[in-house]
Each structure stands twice: as C-alpha cells, then as structure tokens.
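Here the structure comes first, spelled out in structure tokens, and everything after it is commentary.
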Amino acid sequence: MELSIEVVEERKNPLLRRREIKCKASYMGATPSHSEVKNKIVAMLNLDPKLVVVDYIRPEYGKQVAHIYVEVYDDEEAMSIEPKHKLMRERKEGEGGGEEGKESGEGEGSEGKVEEKDEKGEVEKGVAKKVKIKRR
C-alpha cells in the first residue's frame, strides 16, 4: 500500500509529558490501519515505537485522504494517563491480530455454540440462535 504522511501541526504538551502531532495522510485503497500509520510515523520521525500512540485516523468522505492524531510520550511512565483500550489496540495490531482473541459466539454474531446433554447423558452439539421476543 502506498502511504504518504505529512505533518500538519506539532505541539509540545509539557503537563502530560508528550508531543501531539496532527498529520494528513494520502493513500491508495483501504484506509491504513493504526499499525501501518504508527510504523510509518516512527520511521519518518525516528521515534521509539513503544512511546507512540495513534489516537485516531479520520478519512475524508470520498477521498483517499485521512486526518491523523498521534501522541508521542517522553517516557513509559507518562503513558499511564492513556486509556487502557488504546494501549491494547496498539498492542493487538502490532501482533497482527484485529479479530484475534475473540471467542466464537461473542460480540457481533447472533449465534453461539451450545452443548446440551440428552436423556442418556450424551452431549449434543449444536448452534443456538437468539430469538427476539416482542413484548406488549
């Protein structure tokens, strides 16, 4: 994927011990993932990847352009203010798994695996479907 990133604004936030960088990215194809953007910015600005957090990637409607907001911390202790879900997202994408770690039947689907015992004590495996009941 061809990805070019241009730094639009960079400011120092001494209270939170970080630099806040706003970028504009142009790309071909799908919107780049957080890990692709992080790797490109780390290489471009010569940063430590452990201290970089991509806050958001907001693509423009109908264009191959996205606005990106990145936070670069001074040290790992300063990163303690960062919400845990952002740090987990960075870690998961770095490992290469977006859907990794999800068990079947969790989250988006309406089906789940079910094991039931019949009268003989044997286990029957099947798929249970959730049914919505209308209330009056």
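So here's what we get for this one:
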{"item": "Efficiency of FRET from Cβ geometry, ALA43 and ASN13, R₀ 30 Å, rounded to 0.05", "result": "0.85"}
{"item": "The stretch 3-95 - Rg over Rh from alpha carbon coordinates, Kirkwood radius", "result": "0.95"}
{"item": "Neighbourhood charge, 14 Å Cβ-Cβ cut-off, centred on VAL72 and excluding it, Lys, Arg +1 and Asp, Glu -1", "result": "-1"}
{"item": "Cα-Cα over 22 Å, subset of LYS22/LYS50; LYS63/LYS86; LYS24/LYS92; LYS12/LYS92; LYS24/LYS63; LYS86/LYS132", "result": "LYS63/LYS86; LYS24/LYS92; LYS12/LYS92; LYS86/LYS132"}
{"item": "Gain in span if fully extended, HIS67 to GLU6, counting 0.36 nm per residue against the direct Cα distance", "result": "21.0 nm"}
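Rule-based calculations on the coordinates, nothing more; no lab input. Quantities reported herein were computed from a predicted structural model and do not represent experimental measurements. All Cβ positions, glycine included, derive from the backbone under ideal geometry; neighbour counts span all protein chains shown.
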